[in-house]
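Structure, as structure tokens:
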């Protein structure tokens, strides 16, 4: 939890403050002064008695006790002031702008650890080092510009990158997005994204706190903590949008199974965000566009009216929304005919509602009234209004401002003429509105918001009571991939139906087993990891002679330990797998099986624990879902059995955390049954 003195200090010292506002120490002091920090403000500068009109001390030892220290001096000078501040000045909040720590070399990392230890010993909080600082309604503790407009209803923004935070704030200011707080973590020596989310979660008050959170993340060191607090905030009514740049800290391990080849770090991030309920964005402009949408009224449905005086942007927006599951319902009947009479000849109210380049503010007022009060099949409105530069459009934007504030349904303003009517847009924004500038970017962002599913995450895993035999088997195995017959046995104990099998190591065992078989059968080599790569699978063995010939062919393959014999079963080939990566909770994946797993890559993933509802959503999201349901006279598979299998794999992972890789491929499916015929399971302890 953040120390209150970091968030709301009553006194601040800038160590390294100067009159040079082009330096970090000079600029942060100027920001604190200009943005009216109400507490006591001090400076440490050994060469001056006064800096920017603020009393300056030549040494940290002689300053009064102080709540927060903002440090802008070279890294190798910082340790001694930290000792004095923590041990003599009762300082609990620290922001270190300086670079040259863990991001530089081993010596810098050691220094960083020493600083954190000193601050930890007094229960203090550190942002940084190597960051740009913090902005909230109490103080502007950053050395950068711009300082965005702050508002109680603005967004909370956490960034792992100071430069990216600046770029996002610059773009946000231009569209009218307001902030409540901005935190940058830099090296995250003590406080990272997870700790800031913990603070926002545990201090959350729905009556006063922002309900929109933005994240730019470069590192998630504790995914469980991240998941706990993001899902908690969302359950409390917040919306979270995030960019995750880069890969997991553990990196991508060499693929040793089909699942391993698919379960890249990006899949884990996607699954983590879906589990929490986070809207995932892939660029700065997309992030702030999503934020602008989230700050407005919430729509009750996906039916959108597009109101425009320019046909082209409306067509492009219609395409984007339609492709992403939103609806542009046709407007017909007497009400639409009455509305058309209010507009100039040549106008259209079919939706998009095009009231022409000559359309007036009065006509826009009427159109919005109809959409808000007369058309029941409309849930929200998008107004696209720019200008060819012939005349001012203040009156149009005044109507938009009034209607946004008074309408029952949300209205989104796309104002593309950022040069021709720059003054009008600035005035519109100054009244507390958000102006979107690009219809395609807006459409994609709107789809992300409207299609976002609510979270079902719980700290309590959906567990099964394992048969003691299952634990006995796992406990008795060495790390690494277990034999296929053992993997099938474990799946059976977990409640997953598996085909019967026999394993043989020599001709004598083979002859005994052959008397019990019903042909046709399948023979598979046990030993090599990828059977198909070594021609280790023989299908449609129809008699004893073929069985014996097949056995000798397989047992002589390099690395072969034995041969597994199973009944030849037909059905649609599916795949269910699982993967663990670094400190992330395991994910379960499903899709078409066989070679199609890697070729088509039509795979859905979810992080455990997985409920039946979430498993069904995984299946529904597959492009192959129509095939699974049945199409063009072909019968579908038992979807309910596939749901149960996914849930059982999730449960197995929760009771056997040693499992790092699991592959059921193929999982043969028919209208009535689902049977696992091959499996690979890898375990790794610790």
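See the values below:
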item	result
Test: residue in the range 394-415 that is farther than 14 Å from residue 308 by Cα, modelled with pLDDT under 95 and in contact with a helix residue (DSSP H, G or I) (Cβ under 8 Å, 6 or more places away or on another chain)	no
Qualifying helices (runs of 4 or more DSSP H) (wholly inside the range 266-364; at least 2 residues being at pLDDT 95 or above, surrounded by 22 or more Cβ atoms within 10 Å (Cβ to Cβ) and in contact with a helix residue (DSSP H, G or I) (Cβ under 8 Å, 6 or more places away or on another chain))	284-294, 311-323
Among the candidates 628, 662, 652, residue that is under 16 Å from residue 474 (Cβ atoms) and part of a helix (DSSP H, G or I)	652
Hits in the range 365-391 - residues which are free of Cβ contacts under 8 Å to residues at least 40 places away in the same chain and either within 26 Å of residue 301 (Cβ to Cβ) or in a helix (DSSP H, G or I) (or both)	365, 366, 369, 370, 372, 373, 374, 376
Odd one out for residue 595 among (1) surrounded by fewer than 16 Cβ atoms within 10 Å (Cβ to Cβ); (2) modelled with pLDDT of 90 or more	(2)
Search result, residues across the range 1-36 that are at pLDDT 95 or above, touching a helix residue (DSSP H, G or I) at 6+ places or on another chain (Cβ under 9 Å) and outside any strand (DSSP E or B)	7, 16, 17, 18, 19, 20, 21
Hits in the range 513-552 (condition: within 14 Å of residue 567 (Cα to Cα) and part of a helix (DSSP H, G or I))	513, 514, 544, 547
Odd one out for residue 621 among (1) at pLDDT below 95; (2) crowded, with 21+ Cβ neighbours inside 10 Å	(2)
Residues of the range 131-163 satisfying the condition of being in contact with a helix residue (DSSP H, G or I) (Cβ under 8 Å, 6 or more places away or on another chain), farther than 22 Å from residue 211 by Cα and not in a strand (DSSP E or B)	131, 132, 143, 144, 145, 146
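For every residue, the table says whether it meets (1) more than 41 Å from the chain's Cα centre (by Cα); (2) surrounded by 15 or more Cβ atoms within 10 Å (Cβ to Cβ); (3) in the same structural domain as residue 161 (by TED's automatic domain parsing); (4) assigned to a loop (DSSP other than H, G, I, E, B).
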residue	(1), (2), (3), (4)
61	yes, no, no, no
70	no, yes, no, no
76	no, no, no, no
80	no, no, no, no
85	no, yes, no, no
101	no, yes, no, yes
104	no, yes, no, yes
107	no, no, no, no
112	no, yes, no, no
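The values are calculated or read from the model by the stated rules, or taken from the named source; none is laboratory data. Predicted model, so just to flag it, every value in this text is computed and none were measured. Because the Cβ atoms are built from the backbone with ideal geometry, glycine has one as well, and the counts that use them run over all protein chains shown.
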